[in-house]
1. How much net charge surrounds TYR127 when only the other residues with a Cβ under 13 Å from the Cβ of TYR127 are counted, with Lys and Arg +1 and Asp and Glu -1?
2. Roughly what percent of Cα-Cα pairs across the range 151-301 reach past 22 Å?
3. How many angstrom lie between the Cα centre of the range 15-30 and the Cα centre of the range 174-238?
4. So if each residue of separation counts as 0.36 nm, and I subtract the Cα-Cα distance between THR3 and ASN42, what length gain in nm does that give?
5. List the chymotrypsin sites (Phe, Trp or Tyr not before Pro) within the range 219-304 that DSSP assigns to loop and that have no more than 12 neighbouring Cβ atoms inside 10 Å.
Amino acid sequence: MLTIEELKKRKKLLEYTNADISQKSGVPLGTVQKIFSGATANPRVETLAAIEKVLEVVPYNLNIGPVPVVSETMAEYAAVNSIADDEDRIEEISERRYKRYLEKIGKYGADISGKWPRQGQYTLKDYYDLPDDVRVELINGVIYDMTAPAKIHQRVLASLHLEFERCAEEQDHACEVMFAPVDVRLDRDNRTMVQPDLLVMCRRDDNPKRIEGAPDLVVEILSPSTRRKDCILKLNKYSEAGVREYWVIEPIKETVTVYYFEADELQTQYTFEDSVPIGISGGECSINFQRIRERLERLSAFED
């Protein structure tokens, strides 16, 4: 999740007022003002998620024309910016504005190269039509390439799988632990298919091909190419879809950020020196990251 300072930068970049953010997010204006003034130091996670969603940036797409930011229609744009009811004038200003966004923050938006020319319009049919050796995720009709993970990513993933399986067996929980690649049709719609690094399912799912709906717990292991997607886009998607608990692991910094959505509180930060409780287990299970760190050190010793 973005820091307050990062949200301020996004707000300035998008030229939004507090009133704009309040109107688009549904967060009361007074709350928005307190957050950006610093009067509220620890806002609720749902509040920050709502504001982040408004401040998500989708650049101008040269293939399909102006793409609305946070689904802003031309009429809404005109209302917010007090532009006269002139469609040609609105279109002209909007196009110029999005081109300016592209120059500033194109690296944060969807791919506008020739590789994926219909970003925002792709469906599960397009996803399944891709060759088997092309690994991507589909989120809100946008295709995200997935590169091969680094060794440390895979080492952490393998260790996590062992630790989660150990917890499930010791406590005799009727939950299944799976790791990527496995397709998750998160919203049960035609526009999103994700592949979490690790997931825990505590309900029955009879689809032999993929997971239908939200897993109970999801873990993503950060890499430079996935940081923004995992920390912003997926955080919001998992929360909205009904995932009960979300872990974000940063191997290089040895940190674990836990979002236990059912607890209705801010995220909790841990390190690889901690034993991290699994919220959905009701306190019966925890993951010993000190043990994971020791395993990583043993494996790294082979490379010295």
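1. Once all neighbours under 13 Å are counted, the net charge is 0.
2. Values: 4161 of 11325 pairs.
The share of Cα pairs beyond 22 Å in the range 151-301 comes to 37 percent.
3. 31 Å
4. Contour length minus the Cα-Cα distance gives 13.0 nm.
5. When the chymotrypsin sites (Phe, Trp or Tyr not before Pro) of the range 219-304 are filtered for loop state and at most 12 Cβ neighbours within 10 Å, PHE302 remain.
Just so you know, all these numbers are worked out from the coordinates, no wet-lab data involved. Quantities reported herein were computed from a predicted structural model and do not represent experimental measurements. Every residue, glycine among them, receives a Cβ derived from its backbone with ideal geometry; neighbour counts consider all protein chains shown.
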